[in-house]
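Below is one structure, written out as structure tokens, with a few remarks after it.
The values are calculated or read from the model by the stated rules, or taken from the named source; none is laboratory data. Note that the structure is predicted; figures quoted are calculated from it, not measured. Cβ coordinates were reconstructed from backbone atoms using ideal geometry, including for glycine residues, and neighbour counts include every protein chain displayed.
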Amino acid sequence: MAFPGSSKRLLPALIPAIVLAVSASAQQNSDDTASLQKATQNPVASLISVPIQNNSNFNIGPADRTQNVLNIQPVIPVQMSENWNLIVRWIAPIISQPIPDQKEIGVFGIGDMQPTFFLSPAHTGRLIWGAGPVLQLPTATSKSTGQGKFGAGPSVVLLVQPGPWSLGVLSNNVWSVAGAGGRPAVNQFLMQYFINYNLDKGWYLSSSPIVTANWKAASGQQWVIPVGGGVGRIMRLGSQPVNIAVQVFGNPVRPTGASSWGLRVQVALLFPRKPV
């Protein structure tokens, strides 16, 4: 039974508790967002993520064509033991490949899939690391979207995360070991360094260009070295945590006829092991 004036006395008494609860919830969300920022920038974190990354490469060849590569690249951690995790990173490309000297002709199809398996310590110090094999599978649906070779090689990732920074490098080299005899042998290098600075409310600044080298190419035609960066944010779409990022890169070092600049747009679905 309510007494006259009791609600007026009760409401002021509840206000501090309500404010504290809202403040605690906001702080928890802020802490969760900060944790997700660090985890998404760590290639060997204990976090399931499904990045969908679109790469548009412009000004290819004399006809200024555009190549488009949509990478679906799930990252799945598997606990091998109390001390070790296996991180499976699988890249499945869907490619729109122009014929460089033609204005309208091109090929659309699946490219060569590339799974990587990182063995990483479950408990790390300041230096976070992982190492293991990378494979190249000849899954391309066209000669224009793949190399027709089964390849393998080593891959390694190194990372430190001091304060708001995430600084690291991921690198691999793939050699062809089997495949179509009429296709050229493969010996290719990849290095992606990443520099991230985390801001408030899930925002961050990022630079993560992918440097590649084709060791089989002629001298002066081997390297693609991009320069650039962009911005991203950890947020929610409904109840689903996502990582949205946009980066722009110029290619000051590139083979003749290769893309002079590119645009990368990524949306990653995040599935933390613990509720956030």
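Residues that are hydrophobic (A, V, I, L, M, F, W, C), under 15 Å from Thr40 (Cβ atoms) and either outside any loop (DSSP other than H, G, I, E, B) or modelled with pLDDT of 95 or more (or both) occur at least once in segment 227-234. Considered as a group, the residues in segment 50-64 that are under 30 Å from Val88 (Cβ atoms), of a type in the set (S, T, N, Q) and surrounded by 15 or more Cβ atoms within 10 Å (Cβ to Cβ) include one that is farthest from the chain's Cα centre (by Cα), and that residue is Asn57. Taking every residue in segment 136-154 that is touching a residue at least 12 places away in the same chain (Cβ under 8 Å) and pairing it with any residue that is hydroxyl-bearing (Ser, Thr, Tyr) and assigned to a strand (DSSP E or B), at least 6 positions away or on another chain, the pairs with Cβ-Cβ distances below 6 Å are Lys149/Ser176; Gly151/Ser176. Take the conditions (1) among the small types (Gly, Ala, Ser); (2) surrounded by 14 or more Cβ atoms within 10 Å (Cβ to Cβ); (3) in contact with a Ser or Thr (Cβ under 6 Å, 6 or more places away or on another chain); Ala185 misses just one of them, which is (2).
Scanning segment 79-106 for residues that are assigned to a strand (DSSP E or B), loosely packed, with under 15 Cβ neighbours inside 10 Å and at pLDDT below 95 yields one hit, Gln79.
Among the residues of segment 158-174, is there at least one that is in a strand (DSSP E or B), in contact with a helix residue (DSSP H, G or I) (Cβ under 7 Å, 6 or more places away or on another chain) and closer than 24 Å to Ala268 by Cβ?
Going residue by residue through segment 158-174, those that are in a strand (DSSP E or B) are 158-160, 165-174.
Applying the additional criterion that residues be in contact with a helix residue (DSSP H, G or I) (Cβ under 7 Å, 6 or more places away or on another chain) yields 166.
Of the ones still in play, those that are also closer than 24 Å to Ala268 by Cβ are 166.
Looking through segment 158-174, at least one residue is in a strand (DSSP E or B), in contact with a helix residue (DSSP H, G or I) (Cβ under 7 Å, 6 or more places away or on another chain) and closer than 24 Å to Ala268 by Cβ.
Please work out if Gly257 is in a strand (DSSP E or B) and on the phi > 0 side of the Ramachandran plot. Judged against the criteria, Gly257 is not a match.
Only one entry of Ser120, Ser49 meets the criterion of being in contact (Cβ under 8 Å) with a residue 40 or more places away in the chain, touching a helix residue (DSSP H, G or I) at 6+ places or on another chain (Cβ under 8 Å) and either part of a strand (DSSP E or B) or over 25 Å from Val242 (Cβ atoms) (or both), and that entry is Ser49. Looking for something among the hydroxyl-bearing types (Ser, Thr, Tyr), in contact with a helix residue (DSSP H, G or I) (Cβ under 6 Å, 6 or more places away or on another chain) and crowded, with 20+ Cβ neighbours inside 10 Å - is there at least one such residue anywhere in segment 28-41? Among the residues of segment 28-41, at least one is among the hydroxyl-bearing types (Ser, Thr, Tyr), in contact with a helix residue (DSSP H, G or I) (Cβ under 6 Å, 6 or more places away or on another chain) and crowded, with 20+ Cβ neighbours inside 10 Å, which makes the answer yes. Under the condition of being crowded, with 16+ Cβ neighbours inside 10 Å, aliphatic (A, V, I, L, M) and over 15 Å from the mean Cα position of the chain (by Cα), the residues counted in segment 196-234 number 3.
Among the residues of segment 156-195, write down those that are among the β-branched types (Val, Ile, Thr) and more than 14 Å from the chain's Cα centre (by Cα).
First, pick out the residues of segment 156-195 that are among the β-branched types (Val, Ile, Thr): 156-157, 160, 169, 174, 177, 186, 195.
Val156, Val160, Val174, Val177, Val186, listed by residue number.
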